[in-house]
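Below is one structure, written out as structure tokens, with a few remarks after it.
The values are calculated or read from the model by the stated rules, or taken from the named source; none is laboratory data. As the structure is a prediction and not an experimental result, all values here were calculated from the model. We place every Cβ from the backbone using ideal geometry, glycine too, and count neighbours over all the protein chains shown.
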Amino acid sequence: MRTKRRILFVLALTFVTARAALSAEWTQNWDSIRAAAQQVKSIRAEFVQKKEMKILTRPLVSAGVFYYVAPDKIRLEYVSPVKSILRMNAKGIQRLFWRDDRFVKDTAISVDALQVVYRDIRNWLNGDFSANKSFASALDQGPPAKIVLTPKDAAMKQFLDRIEIGLAARPGVLESITLSEGNAATTRIEFKSASLNQALPENLFEIEP
Amino acid sequence: MSRRRRLLLAAWLLLAACLAISCATLGHLQRDKCPPAKTPCLAVFPHAAWRALHEIDVTAPFGKKTTLLGLTIGDPAARRLRAVLMTVEGLTLFDAVAGPEGVKIFRALPPFDAAAFSAGLLADVQAVFLPPPGALLEEGCLPDGRAACRFRTAAAGVAEIDDAPDGGRTLRIFCKGHRLIKEIDFAPPGKDGFSPTVAVKTRGALGYSLGLRLLEAESAAPVESVFAP
């Protein structure tokens, strides 16, 4: 019985150490991050979004499902408290809202900064943190490992103060994205239950004319 | 007359025509044989300090549509409120406080950075959550028998609140010339004292509508810090 326990303990320790080594390995530098990201062809993950502000006694919580197909297809589907879909492909970005029992296109608001961030998420998922012109990137090996992006110009700084991208232990997977607006206002998206490299229907990412 | 001037004149005439078509004016209130009001006139407004989150369906001029989240924190006794507008993705578009001491804007991203836009937005929020600021002018009933009361608005107009047939309330705001400029339908308040839905409609060529759906609400102590940056 004691031997069995020892074997189990050693196995668990080996798994934890190997996982940590793997994690440390893929977050070591930009090249290792890019190489790990390129192994990810698709992602489906649930997410929880928490908006915090000084005036809130508790965060505003939203939840949904995130889909990604390399190199440029993304779908962010909010299921609560408000149903909405943000989808992106090579043609552009489209937002849909649930109104009168159906999804309708958002035709009013075009927040440039938000569009820049979403376009950049595409680059980040491809492991490319240097492609965007709006943010300077720095790798903090942690643990936990994270990438810190700071706006390069004043115009972008008006929208966002800083972006932190948490890297998961699993190679190529993002754990969280935290957008800081300044004055202690943040939006943190935490991803969980990620399944990688599964076939995802093309129509999830189609943009209606 | 140059082509440009003719075009401007035509546009101005069209705008004036649209405004004229959309006009509805303030009628007389009957004072005799009025049935009693179902609820007090100001029952739709929060009576104590509150914090509320709404989903807001916006239909902007020319039919453009979007949905936003609106967080409001208010203190009716001080007639002060903080209004925060966010995208569903959490980006704060607008954050301001309006009260007796004026307006303080903490954050305003385009197009909310335009003075007229933010003033209109805060006027809508105040109209939805705070009773009309002026004195009670008259009480009575409309020609169809619904009880109504009228108050002076900040802009020397009139705010009329009547008993809606569904048990809710309708607030109509008339400008100084007694022309209807804004109409707000409140669904009957729930147990928490808040209307689960509120519909705001403005009149005129650049009219827009807002559909508010209550997501959560709570009473909150009127702490001074919630009105600071």
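So which of B:F227, B:F151 is away from chain A (no Cβ under 14 Å), among the aromatic types (F, W, Y) and either surrounded by fewer than 19 Cβ atoms within 10 Å (Cβ to Cβ) or within 27 Å of B:I73 (Cβ to Cβ) (or both)?
B:F151
Please specify each residue of the range B:75-93 satisfying the condition of being of a type outside the set (A, V, I, L, M) and more than 7 Å from chain A (Cβ to nearest Cβ).
Scanning the range B:75-93 gives B:D75, B:P76, B:R79, B:R80.
Does at least one position in the range A:92-106 carry a residue that is surrounded by fewer than 19 Cβ atoms within 10 Å (Cβ to Cβ) and more than 14 Å from chain B (Cβ to nearest Cβ)?
yes
Residue under question is A:V117, and the condition is that it be among the hydrophobic types (A, V, I, L, M, F, W, C), farther than 13 Å from A:E164 by Cβ and either at pLDDT below 70 or touching a strand residue (DSSP E or B) at 6+ places or on another chain (Cβ under 8 Å) (or both); does it hold?
In short, no.
A:K50 passes all but one of (1) within 11 Å of chain B (Cβ to nearest Cβ); (2) within 20 Å of A:E208 (Cβ to Cβ); (3) touching a residue at least 40 places away in the same chain (Cβ under 8 Å); which number fails?
A:K50 satisfies every listed condition except (2).
Only one of B:K176, B:K182, B:K201 is basic (K, R) and either under 16 Å from B:T72 (Cα atoms) or not in a strand (DSSP E or B) (or both); which?
B:K176
For the range A:177-208: of the residues being surrounded by 14 or more Cβ atoms within 10 Å (Cβ to Cβ), within 14 Å of chain B (Cβ to nearest Cβ) and of a type in the set (A, V, I, L, M, F, W, C), which is nearest to A:S62 (Cα to Cα)?
Per the criteria, the residue is A:I189.
Could you tell me which residue of the range A:49-64 is nearest to A:N183 (Cα to Cα), considering only residues that are of a type in the set (A, V, I, L, M) and buried (at least 16 other Cβ atoms within 10 Å of the Cβ)?
A:M53
Quick one: in the range B:212-224, which of the residues that are more than 9 Å from every other protein chain (Cβ to nearest Cβ) and touching a residue at least 40 places away in the same chain (Cβ under 8 Å) is surrounded by the most Cβ atoms within 10 Å (Cβ to Cβ)?
For the range B:212-224, the residue satisfying everything is B:L212.
Looking at this structure, is B:A148 among the small types (G, A, S), in contact with a Ser or Thr (Cβ under 7 Å, 6 or more places away or on another chain) and assigned to a strand (DSSP E or B)?
It is false that B:A148 is among the small types (G, A, S), in contact with a Ser or Thr (Cβ under 7 Å, 6 or more places away or on another chain) and assigned to a strand (DSSP E or B).
Filter the range B:148-167 for residues that are at pLDDT 90 or above and among the small types (G, A, S) and give the result.
Result: B:A148, B:G157, B:A159.
Only one residue in A:I121, A:I55 is touching a helix residue (DSSP H, G or I) at 6+ places or on another chain (Cβ under 6 Å) and among the aliphatic types (A, V, I, L, M). Which one?
A:I55
Among the residues of the range B:32-63, write down those that are within 11 Å of chain A (Cβ to nearest Cβ), touching a Phe, Trp or Tyr at 6+ places or on another chain (Cβ under 9 Å) and outside any strand (DSSP E or B).
Within the range B:32-63, B:A60, B:P61 meet the criteria.
Based on this model, can you work out whether B:L137 counts as in a strand (DSSP E or B), under 17 Å from B:A154 (Cα atoms) and more than 14 Å from chain A (Cβ to nearest Cβ)?
yes
Is there a residue being at pLDDT below 95, touching a Leu at 6+ places or on another chain (Cβ under 9 Å) and not in a helix (DSSP H, G or I) anywhere in the range A:16-24?
Looking through the range A:16-24, none of the residues is at pLDDT below 95, touching a Leu at 6+ places or on another chain (Cβ under 9 Å) and not in a helix (DSSP H, G or I).
Return the residue satisfying two criteria in turn: it lies in the range A:57-71 and is out of contact with any Phe, Trp or Tyr (no Cβ under 6 Å at 6 or more places or on another chain) and part of a strand (DSSP E or B), and of such residues it is nearest to the other protein chains (Cβ to nearest Cβ).
For the range A:57-71, the residue satisfying everything is A:L60.
Identify, please: which residue in the range B:190-205 is at pLDDT below 90 and crowded, with 16+ Cβ neighbours inside 10 Å and is, among those, nearest to B:V44 (Cα to Cα)?
By that ranking, first place goes to B:R203.
Can you find a residue in the range A:72-91 that is among the charged types (D, E, K, R), part of a loop (DSSP other than H, G, I, E, B) and in contact with a helix residue (DSSP H, G or I) (Cβ under 7 Å, 6 or more places away or on another chain)?
Yes.
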